[in-house]
Structures are given as structure tokens and as C-alpha cells.
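Reviewing the structure listed below.
The values are calculated or read from the model by the stated rules, or taken from the named source; none is laboratory data. Because the structure is predicted, anything quoted here is derived from the model rather than measured. Here the Cβ is made from the backbone with ideal geometry for all residues, glycine too, and neighbour counts use every protein chain on show.
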Amino acid sequence: MAKAKKKATAKEIGKKIGETIGSEIDKEMQKEECCGKKTSPPPSGCGAIYGLGLIGAAVFYIQAAATFWGGVLGILKAIVWPAFLVYKLMGM
């Protein structure tokens, strides 16, 4: 008599798939470590430039404001000052 093959449950199938995917991820990580292909974010010196521009724009817009709400609007304008700059440059 032939033995009947036991059907795998969904949990067993999921475990098998997870193990397969996990081993593939481990292989890729080892490949990256051995070959020196680690990716790192680029140096972010632009954040400092944007921060200085934000402070300068805030001072400019707040000094030009005549009312309290004009000063609040000036702070909001200072946050998006690069958009104003690009708009003016593209308009020339």
C-alpha cells in the first residue's frame, strides 16, 4: 500500500516561504558586506545652508512686517523662501 502524502497546513507553508525569503535576504546582505557596496546617505551640508537662509529670511520678513500677523506671515514665508527664489529666477 502506498502511503498518503500529508497535506501541508497554511502555517507550515508560510514558515517555509519565510525561511526561503529570509535566506535570500541573508545572502544579499553578505554579498553587500563582502563586496563593499554599502550605500550611505550623501553628506548633508545643504541643511546648514538652508538653516542659515531660513534665519536670514525670517529676520528680513519680520523687519518688513508692520503688524503682528505680518510677522507671522513673514515666518511662514521664511520657511518656503527657496520657492520664492526659484520662481523669481525662472521668471527672468
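For segment 40-92, a residue qualifies if it is surrounded by 12 or more Cβ atoms within 10 Å (Cβ to Cβ) and more than 27 Å from the chain's Cα centre (by Cα), and the qualifying residues are Val59, Phe60, Tyr61, Ile62, Ala65, Gly70, Gly71, Val72, Leu73, Gly74. With respect to the conditions (1) over 30 Å from Ile75 (Cβ atoms); (2) at pLDDT 65 or above; (3) touching a helix residue (DSSP H, G or I) at 6+ places or on another chain (Cβ under 8 Å), Gly53 falls short on a single one, namely (1).
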